[in-house]
Number of protein chains: 2
Amino acid sequence: MQFHLNGYEPGDPEVSDPAARYDPSGAPGNLPEEVDVLIVGCGPAGLTLAAQLAAFSDIKTCIVDQKSGPLLRGQADGIACRTIEMFHAFGFSERVLKEGYWVNETTFWKPDDKQPENIIRSGRVQDVEEGLSEFPHVILNQARVHDFFLDVMRKSPARLKPHYARRLTDLQTDSTPSSASDPCSKQVTARLKRLDSSHGGEIETVKVRYVVGCDGARSTVRNCIGRALYGDSANHAWGVMDVLAVTDFPDIRLKGLIQSANQGTIVLIPREGGYLVRIYVELDKLDQNERVSNRNISADDLIAATQRVLKPYAFEVKEIAWWSVYEIGQRLCDKFDDVLARHLADQLPRVFITGDACHTHSPKAGQGMNVSMQDSFNLGWKLASVLRNRCAPRLLHTYSAERQAIAKELIDFDREWAEMLSASAKSATELNPSEVQAYFVRQGRYTAGTATCYRPSIITGESAYQDLARGFVIGTRFHSAPVIRLADAKPVQLGHAVKADGRWRLFAFADRDDPAGAASRIRGLCEFLAEASGSPVMKYTPVGEDIDSVIDVRAIFQQSHRELAIEKMPELLLPQKGRYGLRDYEKMFCGDLSDGKDVFSMRGIDRQRGCMVVVRPDQYVAHVLPIDAYAELATFFDGFMIAADRRQNDDRRGVARAQIAATAVS
Amino acid sequence: MQFHLNGYEPGDPEVSDPAARYDPSGAPGNLPEEVDVLIVGCGPAGLTLAAQLAAFSDIKTCIVDQKSGPLLRGQADGIACRTIEMFHAFGFSERVLKEGYWVNETTFWKPDDKQPENIIRSGRVQDVEEGLSEFPHVILNQARVHDFFLDVMRKSPARLKPHYARRLTDLQTDSTPSSASDPCSKQVTARLKRLDSSHGGEIETVKVRYVVGCDGARSTVRNCIGRALYGDSANHAWGVMDVLAVTDFPDIRLKGLIQSANQGTIVLIPREGGYLVRIYVELDKLDQNERVSNRNISADDLIAATQRVLKPYAFEVKEIAWWSVYEIGQRLCDKFDDVLARHLADQLPRVFITGDACHTHSPKAGQGMNVSMQDSFNLGWKLASVLRNRCAPRLLHTYSAERQAIAKELIDFDREWAEMLSASAKSATELNPSEVQAYFVRQGRYTAGTATCYRPSIITGESAYQDLARGFVIGTRFHSAPVIRLADAKPVQLGHAVKADGRWRLFAFADRDDPAGAASRIRGLCEFLAEASGSPVMKYTPVGEDIDSVIDVRAIFQQSHRELAIEKMPELLLPQKGRYGLRDYEKMFCGDLSDGKDVFSMRGIDRQRGCMVVVRPDQYVAHVLPIDAYAELATFFDGFMIAADRRQNDDRRGVARAQIAATAVS
């Protein structure tokens, strides 16, 4: 897609009329008096969380922002492979792939040894390691990511829209500590001031169960719970601009790290639509405690600095779509909720912070927006599970534990990266472009967002059986692979079975035996799951809900899809669902051998023994277990889930059996 | 995507609230008094044409339908590979791929030799030949195809919406024959009756330049121009139904042709969403002149007939989303416009008919909707080119000439196919399932829509140089292949450069020489196109428009994208466009060698000599020429195009040169 040729226009580029490209409206009327979750901030973190919670019609969510409407331009633009995997779970990856710029290669430029005032290309690398993800690394305006989430919210069961022009003023929490016996009691009162002209200054009060601060580096929510960001003082200024320009620089449509001899460094990011480009440009070192905003830096300064770095190439800016200056500051909060470390055992969190509210970085590694959304994706299903009474509220402690550790790793990575790019801190001779390049390649997995690995906890198992599936590393995201769906022979990505619907997935990789055989281990597992009183499927699925509504079981076979008879498969893999008891035919897959390697080979699965891979609602591998480790499977879920009512369950199981009997496959 | 589990709901399945899934509104108010094109009928043919014309803000189009709102269910559902290629040009292929059922394999069932009252599987084939198209064969409700076109129209420069509840009553044409000197004079007056309750019976009168009847088998437009459908009387009845059912038939999620011994034949088509299925079921033979509507056939009859064919399998219908009965009738109109054959030389067409208005078929080959849309895609750019004064009005004669021949081929194919499926016409022993299966495989290209080949005409060249590109057969659709875009190293499909924007494309496949060389033949071609007075680019591009606005030149090189220096390429391939003179970096491609075969190998292009492939606005190959056949290229375009004003052109060329000089690549 090509757009922005005649100037930057915000919103959906497929709409011809610029005035019709975006919907400026928020939710009308006053804030509700009581909600389950109040989300403060409509950035990527806030909207990811809102989109996740909006999937559940039984959760009442409110999302507010100080701004008077949606973001239209600027801010972040890097979208890591891992993030598109998440977007796929929310159902809009194809829109990002269609509209965004694909980062296929990155080029490196350095001073020309012969003429050090000129730059020359020093290297060129593939941006993303082969096979790291089924999705590419993409660049797209943050505003469009917002639009896609707003669209998910609008279409969702909750039909959620943001309330704009509200500023949080304070949070009051009950003095009574929350407890496991009454986890959802309303314990927080939020006061917000209206900023819209017709209601300016009016105060609204909302009683909420959980508050999530997605309100950026100057977070009010963070201040309300007495937390702060710690880390480097920001003393290096950078400028950033999105421009339409004419240049003879040959790599203008490739991501580039460009280091000049004496004029500093720029990072060049081609943008969506074929014409726009983003440039990060190094500015002056700041004095201690100085703010860059005091320097009176103008857009012309950024352009001039860019032109100096790019010599001998011309760079004529025709339009500036957006620009900003900022200080680099790697800062981190020590905990991401309102429970003090010494109260972990006796208090439950009610207030959370995500994204820039708890960690800030240099934008040039393209991490900020991505990590912020992953924060919310981590928190969203946990809040929903607790609010829907499916999981014990102690689950909520895992949010800060998991994400603070990840943020710390990120800050460390980011600091190293930012220092490497601050060429002016070193002389040109000291700076080693091949070192930068090597570092870039080595850190590819980090940048792609696939390096995240959660430590063992109540929702992340120990690695006793990791050998059964070496490519599905416990604690990392479930790495998708191509498979063939048995019932309709469709080539699909196995990981795309994971939707942002709050469900757990159990991928059962069968051993070599015929799965139709009476003694097959996969049949044994299915019978355990569908029938045994200790089965987590039986125990945790509420009456009246589909059998896959809490734990969604999928099976993957080693045989070709033409070798297997679907009618002989275990009942659990052809479940009858919904008001009509229609069969779901999308639970079984076979290896895709068209490229010579199937999922078993690609992910190092033990073909002799098979295995179970348990996947969290946020796509992370929670556990790898032997295919017959029923007790260990049950114990794992027992660690954090709440059993549905027994009597109801027995009823449900009876109904399921009757249904299966009524339409039994001969 | 899975949906329709709890019942069929029309509209966008991504919207949770069924009431918000579709937009029932049409254009408000009265019909305009004068338009350039009046389209009668909002089926696939009408909407394809409307979407095409809506791309041009300078064309005034009106589309009407008798119905009171958009289609919500039923009718056609097969979408051929070729059709998705066209959808891609309109910008919504990814939505069809996401939502539709993919036909990966087709199964064949026949009477069991041992127990002829039961069916058994007799075969299973890949549905679409490997490499036939970059897109699959897909099944999706016709109503959704309408929705996507309505969406294109809504977002288009013309912001077009249908006027519903209008029935065409008559067309009055001026007695003066239209002439080449005044092709756009308003010569047709259409009268339409309003059917909406608040305006029921009111007559509206519209003066139009061109009328297109997309109004189905009982077309009023066809009747107005005194044409009729000729062919078989319909004497074989079939039923069709979209159902949600529970069955133990194992191939319920695979397309199937199922022939019973004595109970007739069904065609089973799995549908979008994972649960819905369409079944075509053979009913009784009709008496001469009998209409199936007189048989009082009910949905229960269709279900009972299906159950009889499917024995020994159970088939329990839970909900019928839509059903219908119809007669097979292969019928064809001898000409698709209002010019009598004897007046071809002295009259120009003003009224056209497309789709079912000029050809009807059995639906089971999945051709009707696809061919109808291709009719309109063929006509749309021609009408637009003539209305915009870019092409001579005699171009309009090619519509009937090209599409009538294709329709005739289709009718012949369809008759053969329908006869083969009418098992009751033969005894079970006579019917040879392997013959059916072999025929199905052989006709795969036909069914995929890729067999269409237009004969030589003013817009389709002779095959003198076909050997230069054996895989781009003149007259057939441009068969896309993977390439790497030079400027940003992105893997793309070359054919996706062709958008439904009315432009011609010239794909210049370079020879082996370095394209940056001063003597390179591709540079020679670019210089001719950009500078020579005989260049069709110079001659036909209006002043003030981008240099690629009429003929869009793309180059494909044999070298790897890392071997070529973009800054040394011919200026025409880095054109400066728009109000700012921004460079377009998407004109150059290199072979994608990741699979070992690049586009030159895949499409049989002469590596020693290279070639030009001229592609029409509707994606068909118009010509293959040597890369230095400047005169023949010019002669080809001179055959149907109208030169832009010379003086203006000279100005434009001057401007282009000045722009290029101003930012010349060093």
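The values are calculated or read from the model by the stated rules, or taken from the named source; none is laboratory data. Remember, it's a predicted structure, so these values are computed and weren't measured experimentally. Cβ: placed from backbone, ideal geometry, glycine included. Neighbour counts: every protein chain shown. These accessible areas exclude ligands, DNA and RNA; they are computed on the full protein's heavy atoms, side chains included. Shrake-Rupley method; radii C 1.70, N 1.55, O 1.52, S 1.80 Å.
Ligands, DNA and RNA are left out, and with a 1.4 angstrom probe the accessible area of the protein assembly as shown is 36 Å² per residue. Placing pseudo-labels 7 Å out from each Cα toward the beta carbon at B:Tyr439 and A:Ala228 gives an inter-label distance of 8.4 nm.
Averaged over peptide A:487-493, the number of partner chain Cβ atoms lying within 10 Å of each residue's Cβ comes to 6.
Working from Cα pairs under 8 Å separated by at least six residues, relative contact order for chain B is 14 percent. Using a cut-off of 28 Å between Cα atoms, the listed pairs A:Lys207/A:Lys499; A:Lys568/A:Lys597; A:Lys255/B:Lys587; A:Lys60/A:Lys193; A:Lys490/B:Lys490; A:Lys335/A:Lys382 include A:Lys207/A:Lys499 as exceeding that distance. What stretch of chain A, leaving out the sites themselves, is the longest with no GluC sites (Glu not before Pro) in a DSSP loop having at most 15 other Cβ atoms within 10 Å? Segment A:203-429 is the longest.
The simple Förster model, with R0 at 60 Å and r as the Cβ-Cβ distance, assigns A:Asp170 and B:Thr173 a FRET efficiency of 0.20.
Once you reduce the range B:104-121 and the range B:5-25 to the center of their Cα atoms, the two points are 37 Å from each other.
The modelled label-to-label distance between B:Glu34 and A:Glu117, using points 7 Å beyond Cα along the C-beta direction, is 6.4 nm. What's the angle, to the nearest 10 degrees (0 to 90), between helix A:368-387's Cα axis and the longest principal axis of chain A? Its long axis makes an angle of about 30 degrees. With q set to 0.12, 0.21, 0.25 Å⁻¹, the log10 of I(q)/I(0) for the range B:38-136, from the Debye formula over equal scatterers at the Cα positions, is -0.62, -1.15, -1.32.
The residues packed around A:Gly534, meaning those with a beta-carbon under 12 Å from its beta-carbon, carry a net charge of -2 if Lys and Arg are +1 and Asp and Glu are -1. Stokes-Einstein diffusion of chain B at 10 °C, 1.306 mPa s viscosity, Kirkwood radius from Cα pairs, rounded to a whole number: 60 µm²/s. Counting only DSSP H runs of at least 4 residues, each contributing -39500 (n - 2.57), and dividing by the residue count of chain B, the helix-based mean residue ellipticity at 222 nm comes to -7500 deg cm²/dmol. Accessible surface buried at the A:B interface totals approximately 5500 Å², computed with a 1.4 Å probe on protein heavy atoms. For the range B:9-23, list whatever residues lose no less than 50 Å² of accessible surface once every protein chain is in place, relative to that chain by itself, with the probe at 1.4 Å. When all protein chains are present, B:Ser16 each give up 50 Å² or more of accessible surface.
Across the protein assembly as shown the C-alpha pair distances fall into 20 Å bins from zero in the proportions 10, 35, 38, 16, 1 percent. The stretch between B:Arg191 and B:Arg295 holds 33.9 nm of extra length on full extension. This uses 0.36 nm per residue minus the Cα-Cα distance. Can you give the direction-averaged projected area of the convex hull of the alpha-carbon atoms in the range B:246-395, in nm²? If you wrap the Cα atoms of the range B:246-395 in a convex hull and average its projections, you get 13.0 nm².
Computed with a 1.4 Å probe on the full set of protein chains, the accessible area for B:Ile297 sits at about 30 Å². Between helix B:142-155 and chain B there is an angle of about 30 degrees, using the helix long axis and the longest principal axis of the Cα atoms. Across the accessible surface of chain B, with the other protein chains kept in place and a 1.4 Å probe, carbon and sulfur atoms take up 47 percent.
Look at where the Cα atoms of the range B:195-237 and of the range B:577-647 average out, and the two centres are 40 Å apart. Scaled against 2.2 N^0.38 Å for its residue count N, the alpha carbon radius of gyration of the range B:479-593 is 1.02.
The mean of 1/r over all pairs of different alpha-carbon atoms in the range B:433-510, once inverted, gives a Kirkwood hydrodynamic radius of 15.4 Å. Label sites at A:Arg218 and B:Ala19, each approximated as a point 7 angstrom past Cα along Cα to Cβ, lie 4.3 nm apart. Compared with the dominant Cα axis of chain A, that is its longest principal axis, helix A:397-421 is turned about 30°. The HN-Hα couplings worked out from phi for the range B:73-87 by the Karplus form 6.51 cos²θ - 1.76 cosθ + 1.60 (θ = phi - 60°) are 7, x, 6, 6, 8, x, 10, 6, 3, 4, 5, 5, 4, 5, 4 Hz, whole numbers, x standing for Gly and Pro. Which listed residue (B:Leu5, B:Leu72, B:Gln187) has the Cα farthest towards the positive end of the charge dipole for chain B, taking +1 on Lys and Arg C-beta and -1 on Asp and Glu C-beta about the Cα centre? Comparing the listed Cα positions along the dipole, B:Gln187 ranks first.
For the segment B:560-572, counting C-beta atoms of other chains within 10 Å of every residue's C-beta and taking the mean gives 1.
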